[in-house]
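The values are calculated or read from the model by the stated rules, or taken from the named source; none is laboratory data. Not measured: the values here are computed from a predicted model. Neighbour counts are summed over all protein chains in view; Cβ atoms, including those assigned to glycine, are modelled from backbone coordinates with ideal geometry. These area figures cover heavy atoms from the full protein model, side chains too; ligands, DNA and RNA do not enter into them. Shrake-Rupley method; radii C 1.70, N 1.55, O 1.52, S 1.80 Å.
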Amino acid sequence: KITFSIYAAASIMNLLRRQRDAVGISVFSGNVELNTQARSSSVHHKYLYSELEKMLRPIGTDVKRPTFATEALHEIAEKIHKRSLVVLFSDMFDTESDMTELFSALQHLKHNKHEVVMFHVTEKQKEIEFDFDNRPYRFIDMESDREIKLNPQQVREVYRQNMSDFTKELEMKCGQYQIDFVEADINKGFDQVLQAYLIKRQKMF
């Protein structure tokens, strides 16, 4: 998911560079790890690409870190002073916050009348549909290393319902806060991301 998000963000940045628009990036997990100013110079764009490239790690080398989306989104929202288009890539799975706190952070992104597009990045087949073979598996939480052994068939229906409820509530709240909500399945390529971005930009100008 992080690889998909990095390449999708880089694609949008390339479009912005061609239009000579100012762009900045923010990266968060347990906290805000990177937050740059929005600039339009070629030197700045090269810097942003280099920072994104640093986050591309070979499979198996990812550092396990918890995600505190709520705190990070509040911090990022506070640092955006000029009216902007905010493009967010996240699965919105927060390690600690409840849904009310998470939606409060999303609402904060609309502060100062920013336009916001949220790409809900998932691996739909596994994360949403829970499409695994009918045999025992050992699942490991990538953020906490917690493990559980089970046969997916035993929990598939309950899991799917919970994920459906979460996604529907997320989409509903985004609509309430006038945030463009886009499901981004990492197996469907980047067209879904670029098309949604271009439609949003066309509406703005």
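The listed residues are N162, N187, and the only one of them that is within 20 Å of K1 (Cβ to Cβ), of a type in the set (S, T, N, Q), touching a residue at least 60 places away in the same chain (Cβ under 8 Å) and open to solvent by 80 Å² or more (accessible area, probe 1.4 Å) turns out to be N187. Screening S5 against (1) within 30 Å of K126 (Cβ to Cβ); (2) at pLDDT below 90 leaves a single unmet condition, (2). Look at the range 26-49: where a residue is within 14 Å of T70 (Cα to Cα) and a partner is of a type in the set (G, A, S) and assigned to a strand (DSSP E or B), sitting 6+ places away or on another chain with Cβ atoms under 7 Å, you get V32/S26. Scanning the range 169-184 for residues that are in a strand (DSSP E or B) and β-branched (V, I, T) yields one hit, V182. Taken over the range 106-115, the residue count meeting the criterion of being at positive phi and open to solvent by 80 Å² or more (accessible area, probe 1.4 Å) is 1. Number of residues in the range 12-21 that are out of contact with any Phe, Trp or Tyr (no Cβ under 6 Å at 6 or more places or on another chain) and part of a helix (DSSP H, G or I) equals 6.
Would you confirm whether or not the range 95-103 contains a residue that is under 18 Å from the mean Cα position of the chain (by Cα), part of a helix (DSSP H, G or I) and in contact (Cβ under 8 Å) with a residue 60 or more places away in the chain? For the range 95-103, residues under 18 Å from the mean Cα position of the chain (by Cα), part of a helix (DSSP H, G or I) and in contact (Cβ under 8 Å) with a residue 60 or more places away in the chain: present.
Which of the residues spanning the range 139-154 are open to solvent by 50 Å² or more (accessible area, probe 1.4 Å), among the aliphatic types (A, V, I, L, M) and touching a residue at least 12 places away in the same chain (Cβ under 8 Å)? Result: M142, single match. Checking each residue in the range 116-138 for being part of a strand (DSSP E or B) and open to solvent by 40 Å² or more (accessible area, probe 1.4 Å) picks out Y137, R138. Restricting F119, F103, F130 to those that are on the phi > 0 side of the Ramachandran plot and in contact with a helix residue (DSSP H, G or I) (Cβ under 7 Å, 6 or more places away or on another chain) reduces the list to F130.
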